[in-house]
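These notes are about the structure you will find just below.
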Amino acid sequence: MTGPRRVLYLSPTGQLGGAEHSLLDLAGGLDRGRHEPHLLCLGDGPLLAAAARRGIAGETVRAPAVFVRASLRGARSGAVPMLGGVLRAAPTFVAVRAAARRAGASLVHSNGTKTHLLSIPLALGSRPVVWHVRDLLREGHRERLLVRIANRSVSAVIANSSAVAARLRWLGVRAGLVHAIPNGIDLARFAPHGPRADLRSAFGWPPATRLVGMVGVLARWKGQEVFLRAAEQIAARAPDVRFVVVGAEIYATQGHGDFAPRLRRLTGELELQRVLGFTGHRDDVPEIMRGLDVVVHASVEPEPFGRVIAEAMACERPIVWARGGGADEVVGSTGLTALGVTGGDPGSLVAAIERALAEPEAARRWAAEGRRRVGECFDVRDHVARVQDLYARLAERGP
């Protein structure tokens, strides 16, 4: 084949969360002499515009609401509604196949469970299909079905951490099919030095205020409720500390859509209005992190990877983090292990945040170790190189 191979990336959403940012980092970092990306999204949102700014062409296909809202985590969809959603999505299967033909795709890379399903007809053709798994799948009939499909029709499965890879193998995915390639971080964008978001002025807080913040999609499993309960205890003892929650509910899947109002109600119940602010969705995440004295990750379930943890480490910020899953791999044996907590335990979170605030010199030292670790293990350039090498091997082998 002459010229670059065209890669069709399938995204189950047009929104911008951690999985989508990781997808953009990958597609945007490709060697265009070898691979040319094309993006296909289920539904509208800012993802296509963000892709266009990176020179990635893209388009949208429609899917029935019952299919879009189906979920395997959080509020899990029942088997019958999920089956009904797949059946009603028959026109979407046809549209995806037509898009792959128009794009001249020689390889398909799916970025989520719903697009894994949509890629099945493409896997029966002449092009390799790659599934990128970014979740710690549970054990259930639906997950076992996905495993059987992968074993029979997919050319490769990329896991975004060794924890996810181990879970896939435990569920029954053939060992040779699974490739553990951790997410990459743009070290130039997520850097210790650069502009800082002025969150103190935004909320009318004094310049000397110490800031503790959570950054990420608003979702129950991410632990924002635990963070609010920890903030109540810290605020009672440290009047110069303020708290920010950065992010919004961006997904349309089952279980999303009512969590932000719930957090605001809890803020009122805990009487935190004076010391805690919500920023909503922000695109200036590096600037936000550089403006925080302590970044908090409080997931109540094990993280598949823990992108926020890696981003905070890259920005050389002290990060209080919930242990388990891929998060352990990201932090490694750095001094930041001292700030690891038990997910879902406000008391553990309080102790770690107060330690980071009380020992600023140690926290800065641990944060510097974190920056070095991300540079050594999670540089986005290494991530892209490993995925491109996998593409090349698949092209040589065929579908």
Exercise for the section: Could you please find all residues in region 276-327 being under 19 Å from residue 351 (Cβ atoms), part of a loop (DSSP other than H, G, I, E, B) and in contact with a Lys or Arg (Cβ under 9 Å, 6 or more places away or on another chain)? Expected result: 292, 293, 297, 298, 299, 300, 317, 318
Fill in the blank from the handout: Exception for residue 89 within (1) buried (at least 19 other Cβ atoms within 10 Å of the Cβ); (2) modelled with pLDDT under 95; (3) under 23 Å from the mean Cα position of the chain (by Cα) falls at (3)
Practice task
Would you kindly identify the helices (runs of 4 or more DSSP H) lying entirely within region 1-70 that contain at least 3 residues that are in contact (Cβ under 8 Å) with a residue 12 or more places away in the chain and within 22 Å of residue 387 (Cα to Cα)?
Solution key: 18-28, 47-53
Problem - Filtered residues of region 335-347 (kept if buried (at least 20 other Cβ atoms within 10 Å of the Cβ) and within 21 Å of residue 378 (Cα to Cα)) - result: 336, 339
Problem - Selected residue [without any contact (Cβ under 8 Å) to a residue 24 or more places away in the chain and hydrophobic (A, V, I, L, M, F, W, C)] from 245, 178 - result: 178
Completion exercise
Expected output for region 372-386 (first residue modelled with pLDDT of 95 or more, partner among the hydroxyl-bearing types (Ser, Thr, Tyr) and surrounded by 15 or more Cβ atoms within 10 Å (Cβ to Cβ), Cβ below 7 Å, 6+ apart or cross-chain) is 373/334
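The values are calculated or read from the model by the stated rules, or taken from the named source; none is laboratory data. Nothing here was measured: the structure is a model prediction, and the numbers come from that model. Here Cβ is always computed from backbone atoms with ideal geometry, including for glycine, and neighbour counts include all displayed protein chains.
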